[in-house]
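In what follows, a single structure is set out as structure tokens and then discussed.
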Amino acid sequence: MSLVLTHTRYRIIETVRIPVAVLGGAFFPAASMLFFVVPFAGDDPVGATYATASMVMFAVMTSSLFTYGVGVADDRAQPWSTYVRTLPAGPGAAFTGRILTGLTMMGISLVPVVIIGWLFTAATATPLQLLLALGVVVLGALPFTFMGLAIGYWLPTKAALAVAQITFFPLAFGGGLLSAPGDAPGFVEAIAPYLPTRGAVELVWAAVGDFRVSATSMIALVAWTVAMAALAAWAYHRDEGERFS
Amino acid sequence: MLARTVEVTKRFGDTLALDHVSLDIPEGGVVGLLGPNGAGKSTLLSLFVGLRRPTSGTVELLGGDPRDPASRRRIGVTPQETSLPGTLRVRECVAFVAAHHPDPVPVGELLERFGLADLAKRQTGGLSGGQRRRLAVALAFAGRPKLVFLDEPTTGLDVQARRALWDTVREFATENTVVLTSHYLEEIEALADRVVVLGDGRILADDTVAAIRGMVGIHRVSLVVDDLPALNGVVSVEHADGRTSLLTPDADELVRELIHKDVQFHGLQVQPTTLEEAFLTLTGK
């Protein structure tokens, strides 16, 4: 346990020593809030709350795809990660430390979104709703965490960066994160229930508002989570076989 | 016995990296692992430190399987100095490694002994190559290891920095057993008591430094010459860029013979061969 904390601690130190990387992760969701949510849905309490929830999921998805996708790929290219494997600790400590760091960074990227929603829009949520939202956000982050890990363990850094960039926008737009519930263009409404983004954001909508989740989205979310977990496990074992067997 | 391999073979696809290697590392002293690139040094080291597992045969480390983290509590390994986490400070880097060991050297003391105390607060990304190399070697000694693996510890350092680091390693080697890999015969000579020579995944020689030096004491005699008679004691002849290179165990005798036979040559140069050349010659490649 203490080794997990050691790995988490030093990984967080490494990350925050490059402030621009931390700011970069928080910038896009915060900017989207300011440009798309505040002017268009800012005055309507229900609309603003849903839109803020969508941006939270958007931040979670990008953070997971990039932190794990690019982060893992980059680490695999560094001889330092090989050296760390010679220290008297199993691979579990470093892996868990990476996940805890990812969750911390994700939390940091959410702060501006929530603050902007609170200060500059009519969005409202009770403390209980916020707590519930936090729980479902972590749940909704699972498929994207696995997706990021799969990309990172499978591809070299440059390819991982490209794939993360190509993946995040269709997932966000197609899942209806950039529009209010029921308000997206027709084709988005048609495909959204089958994308993991939709199921994840529906959970957050339900946590902070009067939204009923659809069965299709939930089944799709579970299916994506299982499929991505399998892909991540496959990529992890493939990497282990290549570098450590 | 601190570590050993028994009949270890390691394949990567079709490549045979190690071919039935049996090597014992008893307690005490410095063992130099020598050999050209691709000889199997790094593969052998990766088996000893638990990064890889052999295709066949067994590897033992401090009485256990090196893949088991518990077996690695009393060993130390150098990271490649280019890969130290650039944003971590020197002290943090050492503390991170020390946190993995049950009874580490106090961070301040380790930094002091490796001459890094003044740099404790610097980020590793801002260190010079020599300072980073020092830190990399220091990390290997952080856990009071019984057995230390130093992989190419001074490659890329200037002569002065190299000698300074040798002094430190020598000082620590009195308390620890060290396995050292190097391209440099000079480095092995300066530090090792025993030399193991690898070539093509096999152990070619395992002897004292003096004995090995005799085996690889081959010189390169290079000259421009049109017509070369048969000569004694030449192991190989190469032609490149208009020059002819003769590899020989006795350069003096060869030059005498050239003059004696009235060979018309100019631009004579005599150089010690690199180990790589010597071994390629000795192993008949």
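The values are calculated or read from the model by the stated rules, or taken from the named source; none is laboratory data. What you are looking at is a predicted structure, and each value in this text was computed from that prediction instead of being measured. Please note: Cβ atoms are built from the backbone with ideal geometry, for glycine as well, and neighbour counts cover all protein chains shown.
Scanning the range B:24-43 for residues that are part of a strand (DSSP E or B) and within 14 Å of another protein chain (Cβ to nearest Cβ) yields no hits at all.
For the range B:95-107, filtered to residues that are among the hydrophobic types (A, V, I, L, M, F, W, C) and either facing chain A (nearest Cβ under 8 Å) or in a helix (DSSP H, G or I) (or both), the residue that is farthest from B:Phe48 (Cα to Cα) is B:Val107. When every residue of the range B:217-231 is checked against the conditions, none turns out to be at pLDDT 85 or above, in a strand (DSSP E or B), of a type in the set (Val, Ile, Thr) and within 15 Å of B:Pro36 (Cα to Cα).
Residue count for the range A:11-35, restricted to those that are within 25 Å of A:Leu142 (Cα to Cα), within 14 Å of chain B (Cβ to nearest Cβ) and surrounded by fewer than 20 Cβ atoms within 10 Å (Cβ to Cβ): 6. Quick one: in the range B:44-94, of everything that is part of a strand (DSSP E or B) and among the charged types (D, E, K, R), which residue is farthest from the other protein chains (Cβ to nearest Cβ)? Among those that are part of a strand (DSSP E or B) and among the charged types (D, E, K, R), it is B:Glu60. Can you find even one residue in the range A:41-49 that is over 23 Å from A:Pro196 (Cα atoms), in a helix (DSSP H, G or I) and without any contact (Cβ under 8 Å) to a residue 12 or more places away in the chain? No, there is no match, as no residue in the range A:41-49 is over 23 Å from A:Pro196 (Cα atoms), in a helix (DSSP H, G or I) and without any contact (Cβ under 8 Å) to a residue 12 or more places away in the chain. Go through the range A:200-245 and give me each residue that's among the β-branched types (Val, Ile, Thr), touching a Pro at 6+ places or on another chain (Cβ under 8 Å) and without any contact (Cβ under 8 Å) to a residue 60 or more places away in the chain. Residue satisfying the conditions is A:Thr216 alone.
If the condition is being under 12 Å from the mean Cα position of the chain (by Cα), at pLDDT 85 or above and assigned to a loop (DSSP other than H, G, I, E, B), then the range B:176-209 contributes only B:Ala192.
For the range B:68-98, a residue qualifies if it is without any contact (Cβ under 8 Å) to a residue 60 or more places away in the chain, within 18 Å of A:Pro91 (Cβ to Cβ) and among the β-branched types (Val, Ile, Thr), and exactly one does: B:Val97. Within this structure, A:Ala59 fails the test of being facing chain B (nearest Cβ under 9 Å), crowded, with 17+ Cβ neighbours inside 10 Å, in a helix (DSSP H, G or I) and among the small types (Gly, Ala, Ser). Among the residues of the range A:82-116, just one is among the small types (Gly, Ala, Ser), more than 13 Å from A:Val4 (Cβ to Cβ) and surrounded by fewer than 17 Cβ atoms within 10 Å (Cβ to Cβ), namely A:Gly107. Can you find even one residue in the range B:150-172 that is within 13 Å of chain A (Cβ to nearest Cβ), part of a strand (DSSP E or B) and either of a type in the set (Gly, Ala, Ser) or within 19 Å of B:Ile25 (Cα to Cα) (or both)? Yes, the conditions are met somewhere in the range B:150-172. The residues on offer are A:Val38, A:Val4, and the sole one that is away from every other protein chain (no Cβ under 14 Å) and touching a residue at least 40 places away in the same chain (Cβ under 8 Å) is A:Val38.
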